[in-house]
Amino acid sequence: FLLPPASSPVAQERITPPPPQPPRGATPQQEAFFRMVQRMPGAAQRPYLKRSGPALEKHTILGLVVRLGCPKDDPNVTSAYPTGSVAMDAVDQVANNQKRQLQIYMQVVHQLIKSLIVAGPDPRKQVLNWVTDALLVNVGAMGSHPDP
């Protein structure tokens, strides 16, 4: 649920994310191109500490739940948009549907966190410790996200 304490040796351990795999059904040529792009400078996912913003987001339960939005390469996002030449109304409808789904998701996350906070002193303390960790490990994190 929480990150390791800042003073522990575990906090200084590095996590190296595995390289992404080529999409299923890719041709050998597409796989070769995918691997070539992976070898380009800056394409690899950077290692991060076990006590860091990326670790908080990827390795804690609340981090996985609270991160808002969908990954840009998520098939649920990319397959929702029509391909080819389409009317702007169709694109707007897909975007509005995704906004509504995200709004519902945010409401459910809010209810979950509120439930944890009012469930008792121990869950409240865990949630507040998680929020404290989030604030402490994300100082200056705006520079790591290129999208505003």
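The values are calculated or read from the model by the stated rules, or taken from the named source; none is laboratory data. Computed from a prediction, not measured in an experiment: that's the story for all the values here. We place every Cβ from the backbone using ideal geometry, glycine too, and count neighbours over all the protein chains shown. Note: areas computed on protein heavy atoms with side chains; ligands, DNA, RNA excluded. Shrake-Rupley method; radii C 1.70, N 1.55, O 1.52, S 1.80 Å.
Under the simplified labelling scheme, the residue 105-residue 135 pair shows an inter-label distance of 2.6 nm, with each label point 7 Å from Cα along Cα→Cβ. Take residue 40: with every protein chain present and a 1.4 Å probe, its accessible area is about 100 Å².
Surface calculation, 1.4 Å probe, protein heavy atoms: residue 61 sits at approximately 110 Å² accessible. Backbone amide hydrogens, once placed in the peptide plane, bring residue 49 within less than 5 Å of 15, excluding anything fewer than 5 places away on its chain. When nucleic acids and ligands are ignored and a 1.4 Å probe is applied, residue 114 ends up with an accessible area of around 120 Å².
Of the listed residues 27, 16, the order by accessible area with a 1.4 Å probe, largest first, is 16, 27. Here residue 6 and residue 65 are evaluated by their C-beta separation; at R0 = 22 Å the FRET efficiency comes out at 0.45.
Fully extending the segment from residue 122 to residue 31 would add 27.9 nm, taking 0.36 nm per residue of separation and subtracting the current Cα-Cα distance.
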